[in-house]
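Rule-based calculations on the coordinates, nothing more; no lab input. No experiment lies behind these values; they were computed from the predicted model shown. Neighbour counts run over all protein chains shown; Cβ positions are idealised from the backbone, glycine included.
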Amino acid sequence: MPIATGFDHIATLTTDMDRTVGFYRAVFDAVVTHEVPRSEDHPWMKVVDLGGGSALNVFEVPAEAMIGDRRRIGGRGAIDHFGIGVDSRATLEAVRERLGPAGAQEMGEIQQLGGELSLFFRDPDGMELEVCCPAPR
């Protein structure tokens with residue numbers, strides 16, 4: 001039996017901290033719980049609580065530090081995308097309504113993938129993301 005309790009956080013990069021944190025606040029009601037100011041040896045970082053024990057560690061970096069082709073599987077680095085879980089189709093649909101006004105790009109349609117309903121989109125930095133909930137039985 002696995003001993004992990006789930007993912008604690010995912011570290012992600014942005015070129016615009018305020019835009020990225022604002023996006024997660026607007027779409028997921030996320031809350032900043034900690035901040036590390038920029039220093040000579042560490043970029044500006046905010047810990048963004050998404051709920052359910054999951055967080056993003058968002059680091060602001062210069063544009064040249066963003067590598068890879070964010071539009072192509074295999075070009076996005078070792079982690080292709082991550083999925084954010086919500087409790088129901090109603091919440092998934094509410095998230096979909098919030099995505100466009102918050103600055104999401106290339107929003108897909110809600111689809112069933114196995115036992116989950118899934119919605120793919122790109123955040124304001126162009127990162128591929130997914131929102132999932134259990135599919136009705």
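The Cα center of region 22-45 and the Cα center of region 103-137 differ in position by 23 Å. Think of the chain as having a plus end and a minus end, set by charges on the Cβ of Lys, Arg, Asp and Glu; of 118, 47, 102, 118 sits farthest toward the positive end of this dipole. Across the options 57, 2, 67, the greatest Cα extent toward the positive end of the charge dipole of the chain (unit charges at beta carbon of Lys, Arg, Asp, Glu) belongs to 2.
What's the magnitude of the charge dipole for the chain around its Cα centre, counting Lys and Arg as +1 and Asp and Glu as -1 at the beta-carbon? Answer in Debye, nearest 20.
Details: 13 positive and 22 negative charges, 68 e Å.
Taking the Cα centre of the chain as origin, the dipole is about 320 debye.
Relative to the longest principal axis of the Cα atoms of the chain, the long axis of helix 89-102 makes an angle of roughly 40 degrees. Cβ crowding within 10 Å, taken as a proxy for footprinting-reagent exposure, orders 93, 40, 60, 106 from fewest neighbours to most as 40, 106, 93, 60.
Gain on full extension, evaluated as 0.36 nm per residue between residue 25 and residue 112 minus their Cα-Cα distance, stands at 28.7 nm. Rounded, prolate or oblate: which one fits region 76-131, using the alpha carbon gyration tensor with axes a ≥ b ≥ c (rounded when a/c is under 1.5, else prolate when a/b beats b/c, else oblate)? It is oblate, given that a/c is not under 1.5 and a/b is not larger than b/c.
Calculate, in nm to one decimal, what residue 41 and residue 57 gain on full extension: separation in residues at 0.36 nm each, minus their alpha carbon distance. Working shown, then result.
Working: separation 16, 0.36 × 16 = 5.76 nm, distance 1.66 nm.
Using 0.36 nm per residue and subtracting the Cα-Cα distance, I get 4.1 nm.
Rounded, prolate or oblate: which fits region 1-42, taking a ≥ b ≥ c as square roots of the Cα gyration tensor eigenvalues, rounded meaning a/c under 1.5, else prolate when a/b beats b/c? List each step's numbers first, then the result.
Details: a/c = 2.55, a/b = 1.39, b/c = 1.84.
The shape class here is oblate.
A simple rule links phi to the HN-Hα coupling: the Karplus curve 6.51 cos²θ - 1.76 cosθ + 1.60 with θ = phi - 60°, which for region 50-56 gives 8, x, x, x, 10, 9, 10 Hz, with x for Gly and Pro.
When you restrict to C-alpha pairs under 8 Å that are six or more residues apart and normalise by the size of the chain, the relative contact order lands at 22 percent. Recomputing Rg and Dmax of the Cα atoms in Å from the coordinates shown identifies the correct label among (1) 15.3, 53; (2) 14.6, 47; (3) 15.2, 50 as (1). Against the longest principal axis of the chain, how steep is helix 17-28, in degrees 0 to 90 to the nearest 10, with axes from Cα atoms? With rounding to tens, the tilt is 20 degrees.
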